[in-house]
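**Q** First, the structure itself, so that you have it in front of you.
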Amino acid sequence: MTPLHLRLPATSANLGPGFDALGLAMALYLTIDATAAESFSIRATGRNADLCGDIDNSLILTTYTSILAANSRPVTPLHLELNNEIPLGMGCGSSAAALLAGVLLADHFGELNWSSQQILEEACRREGHPDNIAACYLGGMTASADDGKAVITATCGQNLTWNLFIALPSVSLATEKARALLPATYSRADAVANIQSTALLVSAFALNRGDLLRTAMQDRIHQPYRMEACPLLPRLLPLTEAPGVLGVALSGAGPSILLIADESAAATLPAIIRKAAEDPDLEIIRTTIAAATVVQK
């Protein structure tokens, strides 16, 4: 079978108020070159290479083999040349990229001939919510919804030149733990506030209105309840008032923090972030908005 080349971007979901609905593709990539082989193997490089190269706990290969089994297709062993730039367990969409990679590998080597919509929906079903998967697959800022029949998506902002900064604490946070912190119900006032902010947020990306982000990225649904588990959040949220900073939000379920800034703040913002975090060694990644997943056969 012909080899398959994949390049899947990192993603930041929620973006403040867009809980389980919005995701932003970021130019940090999981790159995979897959070939049919006599047995499974992975040669991993880049960030967290030891975890990415662990065959026994590979979400990519687990997804790949389970899809083939569910569709009564023979399992072709693969050799993966994998390079990872996405932080693991930090709210940057590493599991979404791995899941989507597994689905794409199964479609190709299992000769399933799925449509793009089928690939998207299979990955979303396995992830449990569409925000990260949709953004990873389609790029830009993607809004998504699952109406019980299909996953519906709309993408914008692919060509925006805003600077993205990701502040990475030293300790990861499991998504399941982060979700357990949320209440079962919300007040009408909180729900209305988030609807208003989300409407502004989509408009900001669609219209290149960075001036809207300071208000549009405010959230009352999940961030207030995750403060204790994500100690960087209360320290960095006030940076929304810093010159050149357009918006600040928890990245996904955390614990990383996403900051969006214009070019005027790009050079000085890392030092400002470290000062606010009271951590001179805090890791900060500067990147940009990414396009869609690349699939080359």
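**Q** Would you check which residues across the stretch 84-116 are among the small types (Gly, Ala, Ser) and under 14 Å from residue 65 (Cβ atoms) and list them?
**A** Here is the first cut: in the stretch 84-116, the residues among the small types (Gly, Ala, Ser) are 89, 91, 93-98, 101-102, 106, 110, 115-116.
Result: 98, 101, 102, 106, 110.
**Q** Another question about this same structure. Step by step: first the residues of the stretch 147-198, then only those that are surrounded by 13 or more Cβ atoms within 10 Å (Cβ to Cβ), hydroxyl-bearing (Ser, Thr, Tyr) and at pLDDT below 95, then the one that is farthest from residue 217 (Cα to Cα). Which residue is that?
**A** 172
**Q** Please list, ordered by residue number, the strands (runs of 3 or more DSSP E) wholly in the stretch 1-46 having 1 or more residues that are within 14 Å of residue 133 (Cβ to Cβ) and hydrophobic (A, V, I, L, M, F, W, C). Working first, answer last.
**A** Values: elements: 4-14, 18-36, 41-46.
Correct list: 4-14, 18-36.
**Q** Let me spell it out: the conditions are (1) in contact with a strand residue (DSSP E or B) (Cβ under 6 Å, 6 or more places away or on another chain); (2) assigned to a loop (DSSP other than H, G, I, E, B); (3) closer than 21 Å to residue 120 by Cα, and residue 72 meets all of them except one. Which number is the exception?
**A** Checking residue 72 against (1) in contact with a strand residue (DSSP E or B) (Cβ under 6 Å, 6 or more places away or on another chain); (2) assigned to a loop (DSSP other than H, G, I, E, B); (3) closer than 21 Å to residue 120 by Cα, the one that fails is (1).
**Q** For the stretch 138-145, check the following and say yes or no: at least one residue is out of contact with any strand residue (DSSP E or B) (no Cβ under 6 Å at 6 or more places or on another chain) and either surrounded by fewer than 19 Cβ atoms within 10 Å (Cβ to Cβ) or over 19 Å from residue 217 (Cβ atoms) (or both). Don't jump to the end; show me each part of the working.
**A** Residues of the stretch 138-145 out of contact with any strand residue (DSSP E or B) (no Cβ under 6 Å at 6 or more places or on another chain): none.
No, there is no match, as no residue in the stretch 138-145 is out of contact with any strand residue (DSSP E or B) (no Cβ under 6 Å at 6 or more places or on another chain) and either surrounded by fewer than 19 Cβ atoms within 10 Å (Cβ to Cβ) or over 19 Å from residue 217 (Cβ atoms) (or both).
**Q** What tally of residues in the stretch 49-91 results from selecting those that are free of Cβ contacts under 8 Å to residues at least 60 places away in the same chain, surrounded by fewer than 16 Cβ atoms within 10 Å (Cβ to Cβ) and under 30 Å from residue 231 (Cα atoms)?
**A** Going through the stretch 49-91 one residue at a time, the tally reaches 4.
**Q** Now a separate question. For the stretch 64-101, which residues satisfy the criterion of being touching a Lys or Arg at 6+ places or on another chain (Cβ under 8 Å), within 18 Å of residue 3 (Cα to Cα) and not acidic (Asp, Glu)?
**A** 79, 80, 82
**Q** Scanning the stretch 112-129 for residues that are without any contact (Cβ under 8 Å) to a residue 40 or more places away in the chain and outside any helix (DSSP H, G or I), which turns out surrounded by the most Cβ atoms within 10 Å (Cβ to Cβ)?
**A** Step by step, filter the stretch 112-129, then rank; the result is 114.
**Q** Residues to consider are 95, 172; find the one that is within 29 Å of residue 276 (Cβ to Cβ), under 17 Å from the mean Cα position of the chain (by Cα) and part of a loop (DSSP other than H, G, I, E, B). Before the answer, list the steps.
**A** On the way: 95 fails: part of a loop (DSSP other than H, G, I, E, B).
None of the other options fit; the residue is 172.
**Q** Same structure again: If I go through the stretch 119-146 residue by residue, how many of them are under 23 Å from residue 158 (Cα atoms) and not hydrophobic (A, V, I, L, M, F, W, C)? So that I can check it myself, show each step before the final result.
**A** Filtering the stretch 119-146 down to residues under 23 Å from residue 158 (Cα atoms) leaves 119-121, 123-124, 129-146.
Now drop any that are not not hydrophobic (A, V, I, L, M, F, W, C), which leaves 121, 129-132, 137, 139-140, 142, 144, 146.
Total meeting the criteria: 11.
**Q** Which one of these does residue 141 not meet: (1) among the hydrophobic types (A, V, I, L, M, F, W, C); (2) under 22 Å from the mean Cα position of the chain (by Cα); (3) more than 26 Å from residue 202 (Cα to Cα)?
**A** (3)
**Q** Which ones in the stretch 49-69 are in contact with a Ser or Thr (Cβ under 9 Å, 6 or more places away or on another chain) and under 14 Å from residue 123 (Cα atoms)?
**A** Residues satisfying the conditions are 59, 64, 68.
**Q** In addition: Just for the stretch 194-238: of the residues that are in contact with a strand residue (DSSP E or B) (Cβ under 9 Å, 6 or more places away or on another chain) and acidic (Asp, Glu), which one is farthest from residue 22 (Cα to Cα)?
**A** Only one residue fits best here, namely 211.
**Q** Still on this structure, I have one more. Pairs only if they're at least six apart or on different chains, beta carbon under 6 angstrom, first in the stretch 161-183 and β-branched (Val, Ile, Thr), second buried (at least 17 other Cβ atoms within 10 Å of the Cβ) and assigned to a loop (DSSP other than H, G, I, E, B); list them, first residue then second.
**A** The qualifying pairs are 166/256; 175/253.
**Q** Against the condition in contact with a Phe, Trp or Tyr (Cβ under 6 Å, 6 or more places away or on another chain) and either of a type in the set (D, E, K, R) or outside any helix (DSSP H, G or I) (or both), how does residue 182 come out, does it pass?
**A** Values: in contact with a Phe, Trp or Tyr (Cβ under 6 Å, 6 or more places away or on another chain): yes; either of a type in the set (D, E, K, R) or outside any helix (DSSP H, G or I) (or both): yes.
Yes, satisfied.
The values are calculated or read from the model by the stated rules, or taken from the named source; none is laboratory data. Keep in mind that this is a model prediction, so the values were computed, not measured. Reconstructed Cβ throughout: ideal geometry from the backbone, glycine too, with neighbour counts over all protein chains shown.
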